[in-house]
Amino acid sequence: MASRCSTSTTDSGLALMSHVDTEMLAAQSADSSSAPAVAFITLGCAKNEVDSADMLSRVREAGYRIVEDVEMADAVIVNTCSFIQEATEESLNAIFELSGLPGFDSGERKIVVAGCMPARYGSQLEGELTEASAFVPCSKEDDIVDVLTELVGRPSAPGGIESSCDGDVYPAAYAKISDGCDRFCAFCAIPFIRGGYHSFPLEQIRSKVAKLVASGVREITLIAQDTGRWGEDFTPRDTTAHLLSSLAEEFTTTWFRLMYIEPVGVTDELLDVIAKYDNVCKYLDMPLQHASARVLKNMNRSGSLEENLALVACIRARVPGITLRTTVMVGFPGETEEEFQELLTMLEEAEFDYVGAFAFSPEEGTKAAKMPDQIDEEIKAERLQEVRDLADAISFARVATRVGTKQQVLVLGYEDDGQLYGRAMCQAPDVDGVTYLASGEVGEVVELQIEDALLYEMEGV
Ligand code: SF4
């Protein structure tokens, strides 16, 4: 979604590997030492992380060695984000930095540019980005092994099948339930990058989840460009509510969390499923983008201040205690001061637990980029700061109200300073902070009494 693709690189941007990658490194077969070595750099959102994990799995099963250090790799796959200009620049910087390293500067070691950037810019890139040896857009990522075969040769023996008992598994993971979007919000380039909406079959999702659960994963976050539309492209149609209840019923000791659901997909049926199952997180991430009916209409979206507030009230009534996250955008073309004030009113009255805020950026190829009355960058920055200050104040107050409550917390691991941390059901991965605790086994769910809260973080015993 437009406002969900935050970038998540390390400072250098060159050694980023998700927990899934590390897990797969551990499962690498011991006799693969002569096979070509491949490293991954993943930029962008959780959806890209999932795509990288899928490519990595194929590459590993074909017999390539997966290495963490890019300087040890014969080929590096850079899975790019290109959702906004800033993300494209970050992806380009990672490629330029890589191309300056020994072996890459001479072309002996190969750079494969995958994901959103080649999907968005297509053949234009091939003439301009000469540092790359190959381009693999999102729709062609299944062909990654063929691309590597051409660039660095094929391993003499296939690799091992993914181990399901590495003993060092990070207990939380993402699972993608669909891809693409054809809502064409006026500011968003995703439909041009990812294509039309297509749900993944239930059996495919179930088998992915079963594999994750068997490997020790205890929390699975279901993601898509819009998770609320799952199954509407099937004959007969199916629903996200059905998918979620099927998974919750079969995998009873695993938490399921739904992210990125457009307001139109929030049905009573879905809310009832969220309320019913103990292992479904009472949590919704619903990007509203704005409160003004006129701005929303120009965005090619629906809703108004009153409708949005009514929806929030309805969700809270149907799922008491639910944690709500939203995303909003300031500085859309033509946004007046009054309309901006409507947005602030919505944030004040709805009291979301968490808010992601972004300033509009005119993305090439989108309708909004060509709209008149573009807002001055300085005004955008001021409005963004005002939204962030307000949202932070509300979030900190809401997090503080959890002090004294009991929360189920999934123990995730140790931070660099040795502090044990986990995540409560009210904290989504990567965006909402964590909960610190004194003792617990990684992978177990413990009940904590929350004793303190500091900004977004909580601490319990
Ligand atoms: S609904 Fe689709 S077009 Fe609209 S912001 Fe989300 S991904 Fe973009």
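The values are calculated or read from the model by the stated rules, or taken from the named source; none is laboratory data. Predicted model, so just to flag it, every value in this text is computed and none were measured. Glycine also receives a Cβ, built like all others from the backbone with ideal geometry; neighbour counts cover every protein chain displayed. The protein model used for the area step is the full one, side chains on, heavy atoms only, and it has no ligands, DNA or RNA in it. Shrake-Rupley method; radii C 1.70, N 1.55, O 1.52, S 1.80 Å.
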Inset, instruction - Check whether at least one residue in segment 52-65 is open to solvent by 10 Å² or more (accessible area, probe 1.4 Å), within 24 Å of G107 (Cβ to Cβ) and of a type in the set (D, E, K, R), and report yes or no. - result: yes
Legend entry - Tally of residues being open to solvent by 20 Å² or more (accessible area, probe 1.4 Å) and outside any loop (DSSP other than H, G, I, E, B) across segment 180-190: 0
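Only residues that are of a type outside the set (V, I, T) and farther than 21 Å from W230 by Cα: list them for segment 253-288, please.
D278
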Inset, instruction - Residue by residue through segment 196-218, note down the ones that are more than 11 Å from the ligand (Cβ to nearest atom), closer than 29 Å to L288 by Cβ and without any contact (Cβ under 8 Å) to a residue 40 or more places away in the chain. - result: H198, S199, F200
Inset, instruction - Evaluate segment 225-238: report whether one residue or more is closer than 17 Å to A46 by Cβ, among the charged types (D, E, K, R) and at pLDDT 95 or above. - result: yes
Legend entry - Residue identified as out of contact with any His (no Cβ under 9 Å at 6 or more places or on another chain) and away from the ligand (no atom under 16 Å from the Cβ) among T240, T227, T221: T221
Inset, instruction - Any chance you could count how many residues in segment 428-453 are touching a helix residue (DSSP H, G or I) at 6+ places or on another chain (Cβ under 8 Å) and not acidic (D, E)? - result: 3
Legend entry - The lone exception for A172 - which of (1) within 16 Å of the ligand (Cβ to nearest atom); (2) open to solvent by less than 20 Å² (accessible area, probe 1.4 Å) it fails: (1)
Inset, instruction - Please give the number of the condition V152 fails out of (1) open to solvent by less than 70 Å² (accessible area, probe 1.4 Å); (2) within 16 Å of the ligand (Cβ to nearest atom). - result: (2)
Inset, instruction - Tell me, yes or no, whether segment 243-254 has at least one residue that is within 15 Å of the ligand (Cβ to nearest atom), hydroxyl-bearing (S, T, Y) and at pLDDT 95 or above. - result: no
Legend entry - Scope segment 347-385; condition charged (D, E, K, R), surrounded by fewer than 16 Cβ atoms within 10 Å (Cβ to Cβ) and under 16 Å from V330 (Cα atoms); matching residues: E348, D373, D376, E377, E378, E382
Legend entry - Test: I177 is β-branched (V, I, T), within 9 Å of the ligand (Cβ to nearest atom) and buried (at least 22 other Cβ atoms within 10 Å of the Cβ): no
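Of all the helices (runs of 4 or more DSSP H) wholly in segment 66-158, which have at least 2 residues that are modelled with pLDDT of 90 or more?
Qualifying helices (runs of 4 or more DSSP H): 85-99, 116-121, 144-152.
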Legend entry - Tally, over segment 104-126, of residues that are open to solvent by 10 Å² or more (accessible area, probe 1.4 Å) and either on the phi > 0 side of the Ramachandran plot or in the same structural domain as E364 (by TED's automatic domain parsing) (or both): 2
Legend entry - Close pairs from segment 426-439: first under 17 Å from A397 (Cα atoms) and open to solvent by less than 70 Å² (accessible area, probe 1.4 Å), partner part of a loop (DSSP other than H, G, I, E, B) and hydroxyl-bearing (S, T, Y), Cβ under 7 Å, at least 6 apart: D432/Y456; G433/Y456
Legend entry - Selected residue [touching a Leu at 6+ places or on another chain (Cβ under 6 Å) and farther than 13 Å from I177 by Cα] from V266, V273: V273
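Kindly indicate whether I193 is within 16 Å of the ligand (Cβ to nearest atom), assigned by TED's automatic domain parsing to the domain that holds T240, among the aliphatic types (A, V, I, L, M) and part of a helix (DSSP H, G or I).
Details: within 16 Å of the ligand (Cβ to nearest atom): yes; assigned by TED's automatic domain parsing to the domain that holds T240: yes; among the aliphatic types (A, V, I, L, M): yes; part of a helix (DSSP H, G or I): yes.
The answer is yes for I193.
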Inset, instruction - Look at segment 408-426 and say how many of its residues are closer than 15 Å to D353 by Cβ and out of contact with any Ser or Thr (no Cβ under 7 Å at 6 or more places or on another chain). - result: 1
Legend entry - Criterion violated by P118 - all others in (1) touching a residue at least 12 places away in the same chain (Cβ under 8 Å); (2) within 16 Å of C45 (Cα to Cα); (3) not polar (S, T, N, Q) satisfied: (2)
Legend entry - Members of segment 202-225 that are farther than 16 Å from A53 by Cβ and in contact with a Pro (Cβ under 9 Å, 6 or more places away or on another chain): R218, Q225
